[in-house]
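*Asks:* Before I ask anything, let me first share the structure, which is written out below as structure tokens.
FYI, it's all coordinate maths here, none of it is from the lab. Keep in mind it's a predicted model, so treat the numbers as computed, not measured. Cβ placement follows ideal geometry from the backbone for every residue including glycine, while neighbour counts extend to all protein chains displayed.
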């Protein structure tokens with residue numbers, strides 16, 4: 001009887017070992033994960049660096065949406081998440097209709113949640129100095145049109161202007177998370193990245209749908225349509241990124257649409273309808289509005305925070 005029990009126990013133990021081995025073959029990150037000494041989380045050092053870099057963009061989005069919808073920012077809503085970083089300059093409450101205000105407010109609080117979970121998972125960075133003044137948006141739009149618009153573009157002027165300004169920012173965060181996917185190693189951080197990417201993609205889709213519905217409308221007080229604005233901004237981001245074609249307006253020639261059969265371009269994607277990826281260097285080139293990841297400017301007058309952003313400044 002004892003021999004039978006021993007054999008049965010040995011067989012059960014063998015089955016468990018085989019089962020655990022099969023799990024590791026499907027989910028190798030379970031075996032590879034370790035605890036980072038700084039965050040006490042099962043993540044790799046590269047995961048920490050990549051997701052801390054993302055906090056630069058999340059801070060930009062959070063304060064832009066909070067101020068636009070509510071007239072105040074992270075310092076009032078969740079001051080602990082700033083970690084003593086300076087308040088943004090030039091931010092204002094936008095003149096939004098009720099519909100636009102409702103989804104911008106939703107976006108704002110989503111970004112607060114993003115910052116909280118990222119900082120909890122990989123450790124927080126102080127908010128960088130961020131310029132959200134009308135002047136910086138006017139500079140970007142002037143650069144996109146290769147001329148000085150009169151009067152200068154004001155993102156806070158009305159709903160359409162604000163959503164056009166919003167078009168400039170979240171898409172780069174989406175690209176960044178797609179690009180980060182290949183770098184992330186840990187299971188916890190992969191799950192976080194997937195969740196962040198899902199919401200950022202949704203925000204970008206809402207913005208692009210809003211603008212697509214108004215594609216032929218004139219953006220007052222100018223003589224350019226909404227579609228022309230998106231095309232010019234996308235072209236500028238391609239130029240600043242200096243790494244090929246990764247951006248498109250909400251209306252494209254049919255040959256550039258999905259399967260070469262659509263002029264609607266609500267979801268910007270490549271020939272296989274896969275989202276474009278950007279590296280941190282490409283993102284900084286666009287957000288600094290300098291075309292150079294080593295030269296701060298644009299939304300980040302003193303550059304971004306964290307190992308990745310700082311490493312470019314030290315070269």
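*Asks:* What do you get when you divide the Cα radius of gyration of the range 35-313 by 2.2 N^0.38 Å, with N the number of residues?
*Replies:* My calculation over the Cα atoms of the range 35-313 gives 0.95.
*Asks:* Relative to the longest principal axis of the chain, what angle (0 to 90°, nearest 10) does the C-alpha long axis of helix 226-241 take?
*Replies:* Once rounded, the angle reads 60 degrees.
*Asks:* Specify the angular offset, from 0 to 90 degrees and rounded to the nearest 10, of the alpha carbon long axis of helix 2-26 from the longest principal axis of the alpha carbons in the chain.
*Replies:* Value to nearest ten degrees: 20.
*Asks:* In addition: With the cut-off at 1.5 for a/c, could you classify the range 212-254 from its C-alpha gyration tensor as rounded, prolate or oblate?
*Replies:* Here the range 212-254 falls in the oblate category.
*Asks:* How much length, in nm to one decimal, is gained on full extension between residue 109 and residue 254, taken as 0.36 nm per residue of separation minus their Cα-Cα distance?
*Replies:* 48.5 nm
*Asks:* Over all distinct Cα pairs, what is the inverse of the mean 1/r for the range 82-146, reported as the Kirkwood hydrodynamic radius in Å?
*Replies:* The answer is 14.2 Å.
*Asks:* So what's the angle, to the nearest 10 degrees on a 0 to 90 scale, between helix 187-213 and the longest Cα principal axis of the chain?
*Replies:* Rounded to the nearest ten degrees, it is 30.
*Asks:* Then there's this: Which stretch or stretches of the range 63-83 have amide N atoms under 20 Å from the point lying 7 Å from residue 93's Cα along the Cα→Cβ direction?
*Replies:* Answer for this model: 63-79.
*Asks:* Taking every eigenvalue of the Cα gyration tensor of the range 232-315, multiplying by 5 and rooting it, what semi-axes result, largest first, whole Å?
*Replies:* Rounded to whole Å, the semi-axes are 30, 12, 9.
*Asks:* Let me ask something else. Arrange 188, 104, 122 by Cβ neighbour counts within 10 Å, fewest through most, would you?
*Replies:* 188, 104, 122
*Asks:* Where does the chain land at 222 nm, in deg cm²/dmol rounded to the nearest 500, when only DSSP H runs of n ≥ 4 count, each adding -39500 (n - 2.57), divided by all residues?
*Replies:* Calculated from helices alone, the mean residue ellipticity at 222 nm is -18000 deg cm²/dmol.
*Asks:* Obtain the nm distance between the two label points defined at residue 217 and residue 292 by a simple spin-label model: each point lies 7 Å from its Cα along the Cα-to-C-beta direction.
*Replies:* 3.9 nm
*Asks:* Can you tell me the length gained on complete extension of the stretch residue 142 to residue 243, counting 0.36 nm per residue apart and subtracting the Cα distance?
*Replies:* 34.2 nm
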